[in-house]
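Structure first, commentary second.
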């Protein structure tokens, strides 16, 4: 019984062999052509990915729908009930403080200062006294380390229901930081950001963080703006230091009367102020709905 050539083990990874007149098996030329076509397709796919990777402008043309989970009715009712009960008891305690039945811990004006404008509005002061004080221990926690992803807090206790605090001398270690403005990790003293900052400071000096009006335009500014423009898929981009005045003061320098500004309805107050100061025509569109921009461009 002779062994079929098709049952023989493949040579060099090729599984398609055929025998000519039952004699010597030869490599299939059709398989070679398929492999060449496959390699050609893979090469073209890699080239397409390389060319398409830096360009992300099409991401901003996709429809985007922002949705939030609705608050359950029971949770909403209990929350409003809690605020209502605290408000009722707050007015009761203010009544007791007024008649000196309960001790008042807050700072009070002298008699000769009664005619001055109050520092706080009436309800704002009421909220601070009777609602905020009950949960004040969760706010304004003293930090004794770098505010990174984790940080250390100074432990404290209160013996008068959060009117005053006393430090215990202990430290709460490695608390997860969810309330810092350090969302990019720039405040940390170790890691990639700290190492990059030290390297750049040695090369360009510490003044590079200032405005270009002071230190001039550097090559790293151009590099960052080119990278940002490629990422957004636009011709060019302009980078500024972050701050309220960045938007409110620079928008009037870029636009003026005769210009049109399309503004998201939930834009930051700095953007709104800058657009108004510019004197441009402002068209407001619904939050995060790029489709409404074309509607805003229609003559009204």
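The values are calculated or read from the model by the stated rules, or taken from the named source; none is laboratory data. All values derive from a computational prediction rather than experimental measurement. Backbone-built Cβ (ideal geometry, glycine too); neighbour counts: all protein chains shown.
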Return a yes/no flag: does segment 82-94 have any residue that is without any contact (Cβ under 8 Å) to a residue 40 or more places away in the chain and either closer than 18 Å to residue 160 by Cα or touching a strand residue (DSSP E or B) at 6+ places or on another chain (Cβ under 9 Å) (or both). yes
It is to be established whether one or more residues within segment 249-261 are touching a helix residue (DSSP H, G or I) at 6+ places or on another chain (Cβ under 6 Å) and closer than 21 Å to residue 181 by Cβ. no
The lone exception for residue 135 - which of (1) surrounded by 10 or more Cβ atoms within 10 Å (Cβ to Cβ); (2) touching a residue at least 12 places away in the same chain (Cβ under 8 Å); (3) within 34 Å of the chain's Cα centre (by Cα) it fails: (1)
Sole miss for residue 231 among (1) under 24 Å from residue 291 (Cβ atoms); (2) assigned by TED's automatic domain parsing to the domain that holds residue 297; (3) assigned to a helix (DSSP H, G or I) is condition (2)
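For segment 255-280, which residues satisfy the criterion of being farther than 30 Å from residue 67 by Cα and free of Cβ contacts under 8 Å to residues at least 24 places away in the same chain?
If the condition is that a residue be farther than 30 Å from residue 67 by Cα and free of Cβ contacts under 8 Å to residues at least 24 places away in the same chain, then 257, 258, 259 are the ones that fit.
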Just checking, how many residues over segment 141-166 are part of a loop (DSSP other than H, G, I, E, B) and closer than 28 Å to residue 194 by Cα? 8
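Residue-wise test of (1) surrounded by 14 or more Cβ atoms within 10 Å (Cβ to Cβ); (2) in contact with a helix residue (DSSP H, G or I) (Cβ under 8 Å, 6 or more places away or on another chain); (3) on the phi > 0 side of the Ramachandran plot; (4) not assigned by TED's automatic domain parsing to the domain that holds residue 297.
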| position | (1), (2), (3), (4) |
| --- | --- |
| 204 | yes, yes, no, yes |
| 208 | yes, yes, no, yes |
| 212 | no, yes, no, yes |
| 235 | no, yes, no, yes |
| 247 | yes, yes, no, no |
| 265 | no, no, no, no |
| 272 | yes, no, no, no |
| 275 | yes, yes, no, no |
| 278 | yes, yes, no, no |
If we keep only residues of segment 110-122 that are part of a helix (DSSP H, G or I) and either assigned by TED's automatic domain parsing to the domain that holds residue 91 or at pLDDT 75 or above (or both), then the residue farthest from residue 138 (Cα to Cα) is 112
Hey, among 238, 249, which residue is out of contact with any strand residue (DSSP E or B) (no Cβ under 8 Å at 6 or more places or on another chain), under 29 Å from residue 268 (Cβ atoms), in contact (Cβ under 8 Å) with a residue 12 or more places away in the chain and in a helix (DSSP H, G or I)? 249
Would you check which residues across segment 153-176 are under 24 Å from the mean Cα position of the chain (by Cα) and either touching a residue at least 60 places away in the same chain (Cβ under 8 Å) or farther than 27 Å from residue 131 by Cα (or both) and list them? 174
First in segment 196-212 and under 16 Å from residue 224 (Cα atoms), second anywhere and not in a helix (DSSP H, G or I), Cβ under 7 Å, 6 or more apart: 204/218; 208/218; 211/241
Limited to segment 167-187, what total is found for residues that are outside any loop (DSSP other than H, G, I, E, B) and surrounded by 10 or more Cβ atoms within 10 Å (Cβ to Cβ)? 8
